[in-house]
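The values are calculated or read from the model by the stated rules, or taken from the named source; none is laboratory data. In this text the structure is predicted, and so the values were computed from the model without any measurement. Methodologically, a virtual Cβ is constructed for each residue, glycine included, from the backbone with ideal geometry; neighbour enumeration extends over all protein chains shown. Ligands, DNA and RNA are stripped out before the accessible areas are found, and what is left, the full protein with its side chains, is counted by its heavy atoms. Shrake-Rupley method; radii C 1.70, N 1.55, O 1.52, S 1.80 Å.
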Amino acid sequence: MTGEDVRSALSLTLIGAGIAFFLAGSIGVLRLPDLLSRLHALTKADNLGLGLVVLGLTLQADDAFQVVRLLLVWLLVLFASSVACYLVAHSATHANGEPTPTVGPDNPSMDKRDGR
Amino acid sequence: MSLGLLYGLAGIALVAMGLYAALAARHVLRRLLGLNVLGSGVFMMLVALASRTTEIAGRPDPVPHAMVLTGIVVAVSATALALALLRRMHRHDDSARLPEDRLP
Amino acid sequence: MAAEVHALDFVLVVLLLWLGWRALASADLFKAVVQFIVFGLLVSLAWVRLGAPDVALAEAAIGAGLAGALLLDTLARLGRKGATDEVRPLGLTPARAGIALASLGLVILLVASVLALPESWPGLTAPALQQLGASGVTNPVTATLLNYRGYDTLLEIGVLLLAVLGVWILDAEAALPAAPADPMLSLLLRVLLPLTVAAAGYLLWVGAHAPGGAFQGAALLAAGGVLWHLARPLSLPASRPVRAAVVLGFAVFLGVGVATAVFGGGFLTFPPAYAGAVILLIEAAAMVSIAVIMVALFVGRPAQGTK
Amino acid sequence: MRRQRAALSVRSSALGALLALLWFVLTGGAVSSWIVGVPTIAAALVLARQIERLTSPLRLDPAGVLGFVTYFLRESVRGGIDVAGRVSARRLRVAPGLVRYRWRLPADGPARALFALSASLLPGTLVAAVGEHEVLIHALDAKGPVPAELAELEQRVAGLFALRLSAPGATDA
Amino acid sequence: MPEWMTVALWIAAAVVLATIALGLVRVERGPSNGDRMLAAQLLGTGAVAVLLLLARAADAPALLDVALVLALLASVAGAVFVRRLGVQPVQRGQDRTAEDGP
């Protein structure tokens, strides 16, 4: 068992863990009861899954450039999905977080704002 | 089964469904989706056939790839123009269907 | 790229066929459009598997950016009534049976001809690679697009130009009700715009020797422009610089062609010594033009542009 | 006005340096690539100035950055495990609801944006709306210790930007 | 790279693709347009992971560029959707019926 083998095994373990989180994310998107809860599964489980896959792959990267590139892709996805989820969540609640919200013409009801 | 054959057959299936939808659907947007799926199928056949050429230095035939690249850009610009025309028609008489497809 | 078939390919093909069909047959048009967007995403994976990363880059940039944006924008403008289709949009009726039969006939014809083809043939790989040294670039796809078959690419930019002229000729569309400025959307734009510009420049540069090029870069830039329009609505056709940018690519390409015809070996025949520089010049101009054209196709003709 | 312009040019040069670094990484350090790289980065900076509005100076605290990064990584792992555990239990362990949280971070500057983005990656919380005085949070378990976790995140973000926050007692759900 | 590693990476890519394909059920079912959009987002993230795995398995670093493009554009469709259509308020009532709610 050489150092190379150990690194490969560790890399595969990380990738496997990443896949497990992808699976959890998909299950969450299917099982959770409402849109906002499903967004949780998407932002957290899938981004962690991608992060673990990236981490596993950096162990096998050819050079430092590739490592930085892989991390850059992960950071971008993290940022993009976080913003996209915020935008969807914001649009779903139609609220702006204020005690006296501005109610648009297409949005007369604010019933979700006080949900617990 | 080779890679080229698998994707080539998939491309043929896409061509068939795209053609059927482009001719059979009534909503113009769906006809456009049909044309786009048809286009993807044609591109897929081309690239799949290119993957069956003899590779030199690990590269398949670049000419179909260049043609498909051109095709994708032309397809999206044609779709954009068609969508603009669809919106124009909808502004004009509030319908997203061609006159002969409208229900009496 | 490994040419053997993997489990991945079967999963991918099944998903492609299912999504392609659902995009056409889903009663709800919004659902159909989302399925079409996902379909485009998976098609770019198929290009990767078929050893065409240049095409995959273009499909990813266009599919995830402009194409989806155009379709969603149109759905919004059609309104709830306009975006409703019948429950079974492709249900079989006597009239459609003919179409179905014709499609089926085409399938049989195509399958028979694909099966009749030899398992392997030389294609144009050898001549394309032999001339690569004189083409000015080392990526054979870029060499094909800008040197061997420069006519195609010149005319392709012409098609884009005609498309945007077509959109501008139509009468103005009423602006959609302005949504309030969203701080997170501006943040998204502020972070992504410089990155898309840098990545587009990178794709332009890398296209000379590896997958990439002007079209991929332009599609990426255009997506940045779409984001810009969403965060702060642009009025594109009005300004003179925009019109100049729209014709820049075609003009430079045509100018180089005329110059080579008058002083050199013929229309769009580049002297090998300068071919690399000439291609870079044409590609840079084409990238700016195509990006501006694509954004203009998305923006359409806003109401304030009219007299 | 002059201070604002100075802040803007500091920001432009920081962005330029960052993009140059990105270019270096993407091209693998190829020297000839800068023929394209320099005009590209110049264009990116010109476009970035077109859309830039924020002009307040940005201060980062190195120790705070390090603290935030480790906190962020630890919490996002915890967030992933938390949601994975909740959804794969035989009976879903969720009690979703909305929670209000009163800002302590200042309204100007990128601190609130960073808070909103990272809150969505932490266990059980998702930012649904950002207001002037409050932020609306969707929690997977609304009865959990959400305000306490948010207060800690806010503290970490404040540390990153070298900001001082008012006493934590002022928060309410 | 050892042979078994290549095989493992190919399998991993196929499994990721199959896993994220589960999200297509959400596209099919909805109920709201926001749900469909979020499932599309899920597939985008998964496609990035598949591309990264393939880049290693097939030893084609160019695929990292494809992944980079997808990552850069991952939020565009979502942004267009929210700005142009938004989550339809029709579904809001039934969203709240949590099976396990308080």
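Can you name the helices of chain B, as whole DSSP H runs, whose Cα span along the helix axis is 20 Å or more and whose Kyte-Doolittle mean is not below 1.0? Write down the numbers at each step before the final one.
Values: long enough: B:3-24 (31 Å, 1.99); B:28-50 (33 Å, 1.70); B:62-93 (47 Å, 0.83).
Span-like helices in chain B: B:3-24, B:28-50.
Averaged across the residues of D:15-26, what count of C-beta atoms belonging to other chains lies within 10 Å of each residue's C-beta? Walk me through the numbers before you get to the answer.
Working: counts 2, 1, 0, 3, 5, 1, 1, 8, 5, 2, 9, 14.
Per residue, the number of nearby Cβ atoms from other chains is 4 on average.
Count the DSSP beta bridges whose two residues both fall in the protein assembly as shown, then state the antiparallel fraction as a percent rounded to the nearest 5. Looking only at bridges with both residues in the protein assembly as shown, the antiparallel portion is about 80 percent. Quick check on chain D: of the DSSP beta bridges with both residues there, what percent are antiparallel, nearest 5%? Approximately 90 percent, going by the DSSP bridge assignments.
If a spin label sat at a point 7 angstrom from the Cα of residue C:251 along the line to its beta carbon, the backbone N atoms of segment C:263-296 nearer than 14 Å would be those of C:285-286, C:288-290. Site-free segments of chain C were taken between GluC sites (Glu not before Pro) in DSSP loops having at most 10 other Cβ atoms within 10 Å, sites themselves excluded; the longest one is C:120-307.
Under the definition of Cα pairs under 8 Å and six or more residues apart, what whole-number percent is the relative contact order of chain D?
Numbers: 185 pairs, mean separation 42.9, N = 173.
Relative contact order comes out at 25 percent.
In the protein assembly as shown, a dipole from Cβ-located charges (positive for Lys and Arg, negative for Asp and Glu) runs towards its positive end, and of D:46, A:53, D:97 it is D:97 whose Cα lies farthest in that direction.
Each principal axis of the Cα atoms in the protein assembly as shown has its own extent, and those three values, largest first, are 79, 70, 68 angstrom.
With all protein chains in place and a 1.4 Å probe, the accessible surface of the protein assembly as shown carries 67 percent carbon and sulfur.
Loop-located GluC sites (Glu not before Pro) in segment D:125-154 (DSSP state not H, G, I, E or B) with no more than 11 neighbouring Cβ atoms inside 10 Å: D:132.
When the charge dipole of the protein assembly as shown is built from unit charges on Cβ atoms (+1 for Lys and Arg, -1 for Asp and Glu) and taken about the Cα centre, the candidate among C:43, A:77, C:260 whose Cα reaches farthest toward its positive end is A:77. Of the candidates C:93, C:196, C:138, which one comes out as most mobile in a Gaussian network treatment of chain C with C-alpha springs shorter than 10 Å? Top of the fluctuation ranking is C:93.
Once R0 is set to 22 Å, what does the formula 1/(1 + (r/R0)^6) return for the Cβ-Cβ distance between residue D:49 and residue C:181, expressed as a FRET efficiency to the nearest 0.05?
Numbers: r = 19 Å, r/R0 = 0.84.
With a Förster radius of 22 Å, E is 0.75.
Can you give the mean number of other chain Cβ atoms that lie within 10 Å of the Cβ atoms in peptide C:100-111? Walk me through the numbers on the way to the answer.
Values: counts 5, 0, 4, 10, 2, 1, 5, 7, 2, 1, 9, 5.
Other-chain Cβ atoms within 10 Å of each residue's Cβ, averaged: 4.
The accessible-area loss of segment C:230-263 on complex formation, taken against its chain alone with a 1.4 Å probe, reaches 10 Å² or more at C:230, C:232.
Could you work out the mean count of beta carbons from other protein chains within 10 Å of each residue's beta carbon in C:166-176? Kindly include the intermediate steps, with their values, before the conclusion.
On the way: counts 7, 8, 1, 3, 6, 3, 1, 4, 1, 0, 2.
Per-residue shielding by partner chains comes out at 3.
Per DSSP H run of at least 4 residues, take -39500 (n - 2.57); add these up for chain D, divide by its residues and hand me the 222 nm value, nearest 500 deg cm²/dmol.
Numbers: 5 runs with 94 residues, N = 173.
Rounded to the nearest 500, the figure is -18500 deg cm²/dmol.
What's the angle, to the nearest 10 degrees (0 to 90), between helix D:146-160's Cα axis and the longest principal axis of chain D? With rounding to tens, the tilt is 20 degrees.
So what is the 222 nm mean residue ellipticity for chain B from helices alone, if each DSSP H run of at least 4 adds -39500 (n - 2.57) and you divide by all residues, rounding to the nearest 500 deg cm²/dmol? Please list the in-between numbers first.
On the way: 3 runs with 77 residues, N = 104.
That calculation yields -26500 deg cm²/dmol at 222 nm.
State whether segment A:3-93 is rounded, prolate or oblate according to the following rule on the C-alpha gyration tensor (a ≥ b ≥ c being the square roots of its eigenvalues): a/c under 1.5 gives rounded; otherwise a/b larger than b/c gives prolate, and the remaining case gives oblate. In terms of gyration-tensor shape, oblate.
I need the calculated FRET efficiency for the pair residue D:24 and residue D:59, taking r as the beta carbon distance and R₀ as 22 Å, to the nearest 0.05. Write down the numbers at each step before the final one.
On the way: r = 26 Å, r/R0 = 1.19.
According to the calculation, E is roughly 0.25.
Under 8 Å for C-alpha pairs, at least 6 residues apart: give me the relative contact order for segment C:185-307, rounded to a whole percent. Please list the in-between numbers first.
Working: 140 pairs, mean separation 38.4, N = 123.
Relative contact order comes out at 31 percent.
Whole-percent P(r), chain C, all Cα pairs, 10 Å bins from 0: 5, 20, 28, 26, 16, 4, 0. The share of alpha-carbon pairs in segment E:3-84 lying farther apart than 22 Å comes to 34%.
Shape call for segment B:3-97 from the C-alpha gyration tensor, a ≥ b ≥ c root eigenvalues: rounded (a/c under 1.5), prolate (a/b greater than b/c) or oblate?
Numbers: a/c = 6.56, a/b = 2.18, b/c = 3.00.
In terms of gyration-tensor shape, oblate.
What do you get for the angle between helix D:34-51 and the principal long axis of chain D? Use alpha-carbon atoms, 0 to 90 degrees, nearest ten. Tilt of helix D:34-51: around 60 degrees.
Return one whole number: the accessible area per residue of the protein assembly as shown in Å², for a 1.4 Å probe. Before the final figure, lay out each step's value.
Details: 30460 Å² over 802 residues.
In whole numbers, the protein assembly as shown has 38 Å² accessible per residue.
Less than 5 angstrom separates the built amide H of residue D:120 from those of D:127, all sequence-distant by 5 or more or on a different chain. Distance between the 7 Å Cα→Cβ label points at residue D:165 and residue D:108: 2.2 nm.
Hey, what did segment B:43-104 get for relative contact order, percent, Cα under 8 Å, at least 6 apart?
20
With each label modelled as a point 7 angstrom along the Cα→C-beta vector, the residue C:169-residue B:55 pair spans 4.7 nm. Taking a ≥ b ≥ c as the square roots of the Cα gyration tensor eigenvalues, segment C:139-199 comes out oblate, since a/c reaches at least 1.5 and a/b does not exceed b/c.
How would you order E:73-81, B:33-41 from highest to lowest mean count of nearby Cβ atoms within 10 Å? Intermediate results must be reported in sequence, preceding the final value.
Working: E:73-81: 27.7, B:33-41: 24.4.
Answer by packing, highest mean first, reads E:73-81, B:33-41.
Tell me, what are the semi-axes, in whole angstrom and largest first, of the equivalent ellipsoid of segment C:125-307 as set by the roots of 5 times the Cα gyration tensor eigenvalues? Before the final figure, lay out each step's value.
Numbers: eigenvalues 237, 77, 25 Å².
Result for segment C:125-307: semi-axes of 34, 20, 11 Å.
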